[in-house]
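Any read-out appearing in this document is the output of simple, stated calculations on the displayed coordinates, not a laboratory observation. Note that the coordinates shown come from a computational prediction; the quantities given were computed from them, not determined experimentally. Here Cβ is always computed from backbone atoms with ideal geometry, including for glycine, and neighbour counts include all displayed protein chains.
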Amino acid sequence: MEVSIERFMDLFVLYGIKVIAALVIFVIGRWVAKLVHRIVDKVMKKREVDGTVSAFVGNFTYYTLLAFFIVAALGQLGIQTTSFIAVIGAAGLAVGLALQGSLSNFAAGFLLLIFRPFRVGEYIEGGGTAGTVEKIQLFTTQLKTPDNKTVIVPNSGMTGGNIVNYSTKGTRRVDMVFGISYSDDIDQARTIIEEIISSDERVLKDPASVVALSALADSSVDFVARPWVESANYFAVLWDITEKVKKRFDEAGVSIPFPQRDVHLYEHKA
């Protein structure tokens, strides 16, 4: 009887210490996981990251750390954790391969929300399309085209190429080319274009507009006109000035040539 009691006490001391150590590891690990979760959440909010992404990253961090400490606690109890780690690793690899495209889109969406190359409401070009940003989600970005179509672009496609943001600077340069005939007066044509641009109140004074003869083309003498406008007025100014230049050219007798080709026929006598 005394031997049994002594053996029980030895086992209790031996395994009791291990159980206490495992509980301590688990409790401290859980506290550390919660602390890291709070820190990650605070950093995300400070960077104004989307709430969905913030919650996902925080929970993922918490449960990853918790799983690590649970495995450590089981190891303290003498349980072989190698098989657990192998199973978890294999499962993670299988899930990663199955969701490779989705994970790529998620990572790209996370980068978009962190670095903010564009925001909701801005007009951008990216992912093979252009439009106004309506939503930036975890896996996709939703754009609205000027003709009111909704285009949903995978985030990996958005970050996989160049992103052109037309709204960041607030102003844009309108590039226009007007061709006149070689027989027309270039000074008269330049004056007409400059008057039309200077009379438009939407055209900015600074930076100054540019009107210059740019090329002696095959069928025309080409002028470039480059006024600066606010981004919201870009298309309106482009269309209005183009129309006004055509009307003023017609009134002044300045012709806008189109490509022509002379075909000469030779009669070949046998």
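Numerical summary
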item: In order through segment 178-191: 3J(HN,Hα) via Karplus (6.51 cos²θ - 1.76 cosθ + 1.60), integer Hz, x for Gly, Pro; result: 10, x, 10, 6, 5, 8, 7, 7, 5, 5, 5, 4, 4, 4
item: Label-point separation, Tyr63 to Ala208 (7 Å along Cα→Cβ), nm; result: 6.4 nm
item: Estimated vicinal HN-Hα couplings, Hz - segment 206-216 in sequence order (Karplus 6.51, -1.76, 1.60; Gly, Pro = x); result: 9, x, 6, 6, 10, 10, 8, 6, 10, 7, 9
item: Amide H partners (placed H, <5 Å) of Gln137, local residues excluded; result: Gln142
item: Interchain or long-range residues, amide H under 5 Å from Phe223's placed H; result: Phe178, Gly179, Ile180, Ser214
item: Highest to lowest packing among 68-75, 151-158, scored as the average C-beta count within 10 Å; result: 151-158, 68-75
item: Whole-Hz couplings from phi, Karplus 6.51/-1.76/1.60, listed for segment 154-161; x for Gly and Pro; result: x, 4, 5, x, 6, 8, x, x
item: Packing-based ranking, highest mean first, of 226-234, 180-188 given that Cβ atoms within 10 Å are counted; result: 226-234, 180-188
item: Virtual spin-label span in nm between Thr145 and Ala130, 7 Å along Cα→Cβ; result: 1.2 nm
